[in-house]
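Asker: Handing you this structure, nothing more for now.
The values are calculated or read from the model by the stated rules, or taken from the named source; none is laboratory data. All figures in this text were calculated on a predicted structure; none of them were measured in a lab. Cβ placement follows ideal geometry from the backbone for every residue including glycine, while neighbour counts extend to all protein chains displayed. The area values use the complete protein model at the heavy-atom level, side chains included, leaving out ligands, DNA and RNA. Shrake-Rupley method; radii C 1.70, N 1.55, O 1.52, S 1.80 Å.
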Amino acid sequence: MVRDLFKKISPKLIENEPMKNHTTFKIGGPADMYVSVESVDELSSLIKLAKETKTPYTVIGNGSNVLVGDNGIRGLVIEIGSGLACCETDGEKIYAQAGVLLSKIASLAASNSLSGMEEISGIPGTLGGAIYMNAGAYGGEIKNVIKTVKYVDTDGEIMTVTGDECNFGYRQSIFTDGQKFIVSAELELTKDDKSAISERMADFRKRRCDKQPLAYPSAGSTFKRPEGYFAGALIEQAGLKGCSIGGAAVSDLHAGFVINCGDATAKDVLDLISHIQKTVYDKFGVKLEPEVRILGE
């Protein structure tokens, strides 16, 4: 069986694994096969085997910006997470694997008097996920510190690109085509006063805690920022704060967040997203585009 071939590469592979256990939304049906890889070679071998056996596969980080369908994901889900989460400094550079959390990189930077990670230090995602979508907050974006990125392509080959070659845009990069899987990056930061860096980081952390519904499962900001507007403000002005469908609701704290109030299904979230989009378009003529990545069935 094909599953046995995958298990030869990844003995820790799990079958019928609930994806709600692997997303910050705490929503999602089972993956046929699920594995958290522990090396770049393992990732490369899995992708090569998936191609040979025509097995569909999905690569995720720590699931902080995804919504998985209630019927789960067919084929193989590969997580780039704690098994690829090393990071180290070298002068003003940080070398980090894709599975390391942004908060850990930011902490390492601050302790070495390196500035550049402050604004994005509170984003609850991995480096790989941040590079994938050019994550940003409070005016800062990951693209500002990326020097080079290593990735595995759909042939299982390891490639390297420069930060400029990543073609970073608003919540996009060359990686959003789903054909390149980030494994590590070289970050270039700048020296600054350690206490000043820590103060800025604490300020951004406080702002996030004060204004975002961190007590509830979510996938972060639900919608991209439409040009000339703020999604949260439009949703609030449309009278949708607190609006709910099933277990999914628009946060009372920040209307830009759809939260899981208990037992939300992916259908609840998708229905609420559609309702928000229609209401905002009818009132303001603005099309809201989801920022959350929707996976599975």
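Asker: Out of Leu187, Leu234, which single residue is modelled with pLDDT of 95 or more, more than 24 Å from Thr23 (Cα to Cα) and assigned to a helix (DSSP H, G or I)?
Answerer: On inspection, the qualifying residue turns out to be Leu234.
Asker: Out of all the residues in segment 237-248, which are of a type outside the set (S, T, N, Q) and not in a loop (DSSP other than H, G, I, E, B)?
Answerer: Answer for segment 237-248, where residues must be of a type outside the set (S, T, N, Q) and not in a loop (DSSP other than H, G, I, E, B): Ile245, Ala248.
Asker: Also: Residues of segment 210-239 being without any contact (Cβ under 8 Å) to a residue 40 or more places away in the chain, under 22 Å from Cys261 (Cα atoms) and not small (Gly, Ala, Ser), which ones?
Answerer: Asp210, Leu214, Glu236
Asker: Something else now. So for segment 40-51 (the condition being assigned to a loop (DSSP other than H, G, I, E, B), open to solvent by less than 30 Å² (accessible area, probe 1.4 Å) and modelled with pLDDT of 95 or more), does at least one residue qualify?
Answerer: No; the residues of segment 40-51 include none that is assigned to a loop (DSSP other than H, G, I, E, B), open to solvent by less than 30 Å² (accessible area, probe 1.4 Å) and modelled with pLDDT of 95 or more.
Asker: Can you run down the residue pairs with Cβ atoms below 6 Å, 6 or more apart or on separate chains, where the first is in segment 107-128 and over 17 Å from Asn62 (Cβ atoms) and the partner is among the hydroxyl-bearing types (Ser, Thr, Tyr) and part of a helix (DSSP H, G or I)?
Answerer: Close Cβ pairs satisfying both conditions: Ala110/Ser198.
Asker: Name the residues in segment 249-280 that are over 14 Å from Asp70 (Cβ atoms), part of a helix (DSSP H, G or I) and open to solvent by 30 Å² or more (accessible area, probe 1.4 Å), would you?
Answerer: Ser274, His275, Gln277, Lys278
Asker: Within segment 217-228, identify whether any single residue is open to solvent by 80 Å² or more (accessible area, probe 1.4 Å), assigned to a helix (DSSP H, G or I) and basic (Lys, Arg), and answer yes or no.
Answerer: There is no residue in segment 217-228 that is open to solvent by 80 Å² or more (accessible area, probe 1.4 Å), assigned to a helix (DSSP H, G or I) and basic (Lys, Arg).
Asker: Please identify the pairs in which a residue from segment 179-193 that is without any contact (Cβ under 8 Å) to a residue 24 or more places away in the chain has its Cβ atom under 9 Å from the Cβ atom of a residue that is surrounded by fewer than 20 Cβ atoms within 10 Å (Cβ to Cβ), counting only partners at least 6 apart or on another chain.
Answerer: Partner pairs satisfying both residue conditions: none exist.
Asker: Inspect segment 157-165 for any residue being crowded, with 18+ Cβ neighbours inside 10 Å, touching a residue at least 40 places away in the same chain (Cβ under 8 Å) and within 22 Å of the chain's Cα centre (by Cα) and give the result as yes or no.
Answerer: Within segment 157-165, none of the residues are crowded, with 18+ Cβ neighbours inside 10 Å, touching a residue at least 40 places away in the same chain (Cβ under 8 Å) and within 22 Å of the chain's Cα centre (by Cα).
Asker: Quick check on Asn71: is it under 16 Å from the mean Cα position of the chain (by Cα), open to solvent by 10 Å² or more (accessible area, probe 1.4 Å) and of a type outside the set (Asp, Glu)?
Answerer: no
Asker: Here's a follow-up. Considering Lys150, Lys206, which residue is among the basic types (Lys, Arg) and part of a strand (DSSP E or B)?
Answerer: Lys150
Asker: Out of the residues in segment 123-147 meeting the condition of being surrounded by 23 or more Cβ atoms within 10 Å (Cβ to Cβ) and assigned to a strand (DSSP E or B), tell me which one is modelled with the highest pLDDT.
Answerer: That would be Ile146.
Asker: List the pairs whose first member sits in segment 8-37 and is at positive phi, whose second member is not in a strand (DSSP E or B), and whose Cβ atoms are under 6 Å apart, counting only residues at least 6 apart or on separate chains?
Answerer: Lys26/Lys20; Lys26/Pro217; Gly28/Met19; Gly28/Lys20
Asker: Got at least one residue in segment 84-91 being among the charged types (D, E, K, R) and in contact (Cβ under 8 Å) with a residue 40 or more places away in the chain?
Answerer: No, because not a single residue in segment 84-91 is among the charged types (D, E, K, R) and in contact (Cβ under 8 Å) with a residue 40 or more places away in the chain.
Asker: Only one of Ile105, Ile120, Ile174 is of a type outside the set (D, E, K, R), surrounded by fewer than 19 Cβ atoms within 10 Å (Cβ to Cβ) and under 27 Å from Arg225 (Cβ atoms); which?
Answerer: Details: Ile105 fails: surrounded by fewer than 19 Cβ atoms within 10 Å (Cβ to Cβ); Ile120 fails: surrounded by fewer than 19 Cβ atoms within 10 Å (Cβ to Cβ).
Sole residue among the options that is of a type outside the set (D, E, K, R), surrounded by fewer than 19 Cβ atoms within 10 Å (Cβ to Cβ) and under 27 Å from Arg225 (Cβ atoms): Ile174.
Asker: Yes or no: Glu79 among the acidic types (Asp, Glu) and closer than 30 Å to Lys267 by Cβ? Working first, answer last.
Answerer: Numbers: among the acidic types (Asp, Glu): yes; closer than 30 Å to Lys267 by Cβ: yes.
So Glu79 passes the test.
Asker: In addition: Output yes when any residue across segment 278-291 is under 23 Å from the mean Cα position of the chain (by Cα) and aromatic (Phe, Trp, Tyr), and no when none is. Don't jump to the end; show me each part of the working.
Answerer: Keep residues of segment 278-291 that are under 23 Å from the mean Cα position of the chain (by Cα), which gives 287-291.
Narrowing the set further to residues that are aromatic (Phe, Trp, Tyr) leaves none.
Within segment 278-291 (the criterion being under 23 Å from the mean Cα position of the chain (by Cα) and aromatic (Phe, Trp, Tyr)), the answer is no, since none of the residues qualifies.
Asker: Another question about this same structure. Could you give every pair whose Cβ atoms fall below 7 Å, whose first residue belongs to segment 273-290 and is within 19 Å of Gly228 (Cβ to Cβ), and whose second residue is aromatic (Phe, Trp, Tyr) and surrounded by 13 or more Cβ atoms within 10 Å (Cβ to Cβ), counting only separations of at least 6 or pairs across chains?
Answerer: Close Cβ pairs satisfying both conditions: Val286/Tyr229; Lys287/Tyr281; Leu288/Phe223; Glu289/Phe223; Pro290/Phe223.
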